[in-house]
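Notes follow once the structure below has been shown.
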Amino acid sequence: GPDGERKLLRTHTSPIQVRVMQQRTNQAPAGPWASGQAPPIRIVGPGRTYRTDSDRTHTPMFHQMEGLVIDRDIHMGHLKWTLDAFCRRFFETDTVVTRLRPHHFPFTEPSAEMDVQCDRSGDTVKIGEGSDWLEILGGGMVHPNILRICGLDPDEWQGFAFGFGIDRLAMLKDGMPDVR
């Protein structure tokens with residue numbers, strides 16, 4: 001900028017989740033995401049992101065969707081059910097089989113990547129059939145330290161968060177072999 005400030009294009013949309021939690025607990029100024037009330041919180045947040053990736057399944061600019069649920073007695077089973085239901089509806093088939101694999105994300109613990117079972121024979125990926133696996137998104141339980149930073153007591157509130165690339169999922173749904 002004119003004042004010498006350097007800007008960085010965001011690489012993920014996870015800060016949406018922290019802003020919402022802080023605004024709900026009055027830890028930050030109100031903004032477009034604020035509602036002025038404490039949990040429960042249930043949001044989805046889309047956003048444009050930028051990375052140096054560029055190949056058949058990645059582009060330098062793409063769109064992500066974040067999901068966040070904060071409430072009492074939330075656990076990984078709620079996350080798995082939510083993502084399974086999303087996959088069945090998004091891919092428009094009840095035959096979608098998913099699995100969670102342990103992974104590391106800085107703001108969730110435990111964290112996992114979600115894979116869908118698919119068929120990779122030929123030029124397209126067919127979701128809901130076959131015996132291959134494809135990673136489609138990541139998520140996990142909101143780390144207790146993140147809850148504390150946002151003014152929430154982790155002994156009272158728990159939650160899960162997830163994120164995925166909208167463009168990539170649309171590509172898979174429509175059988176596009178190259179996103180470019």
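Could you look through segment 108-117, keep only residues that are touching a Gly at 6+ places or on another chain (Cβ under 9 Å) and buried (at least 17 other Cβ atoms within 10 Å of the Cβ), and pick out the one that is nearest to M171 (Cα to Cα)?
From segment 108-117, those touching a Gly at 6+ places or on another chain (Cβ under 9 Å) are 108-114, 116-117; that's our starting set.
From the residues that got through so far, the ones that are buried (at least 17 other Cβ atoms within 10 Å of the Cβ) too are 108, 111-114, 116-117.
Working: T108: 27, S111: 25, A112: 22, E113: 19, M114: 17, V116: 14, Q117: 16 Å.
That would be V116.
Here is a check on your reading of the model: is V179 modelled with pLDDT of 95 or more, among the β-branched types (V, I, T) and surrounded by 13 or more Cβ atoms within 10 Å (Cβ to Cβ)? Considered against the rule, which asks whether it is modelled with pLDDT of 95 or more, among the β-branched types (V, I, T) and surrounded by 13 or more Cβ atoms within 10 Å (Cβ to Cβ), V179 comes out as no. Only one entry of R120, R101, R148 meets the criterion of being loosely packed, with under 14 Cβ neighbours inside 10 Å, modelled with pLDDT of 95 or more and not acidic (D, E), and that entry is R101.
The lone criterion from (1) without any contact (Cβ under 8 Å) to a residue 24 or more places away in the chain; (2) open to solvent by 50 Å² or more (accessible area, probe 1.4 Å) left unmet by P154 is number (2). Using the structure shown, decide if L134 is hydrophobic (A, V, I, L, M, F, W, C) and either over 16 Å from the mean Cα position of the chain (by Cα) or open to solvent by less than 30 Å² (accessible area, probe 1.4 Å) (or both). So L134 passes the test. One residue stands out in segment 63-85 among those that are in a strand (DSSP E or B) and touching a Ser or Thr at 6+ places or on another chain (Cβ under 6 Å): the one that is nearest to V18 (Cα to Cα), namely E66.
The values are calculated or read from the model by the stated rules, or taken from the named source; none is laboratory data. None of these values were measured; they are calculated from a predicted model. Quick reminder, even Gly has a Cβ in these numbers, built from the backbone with ideal geometry, and neighbours come from all protein chains shown. These accessible areas exclude ligands, DNA and RNA; they are computed on the full protein's heavy atoms, side chains included. Shrake-Rupley method; radii C 1.70, N 1.55, O 1.52, S 1.80 Å.
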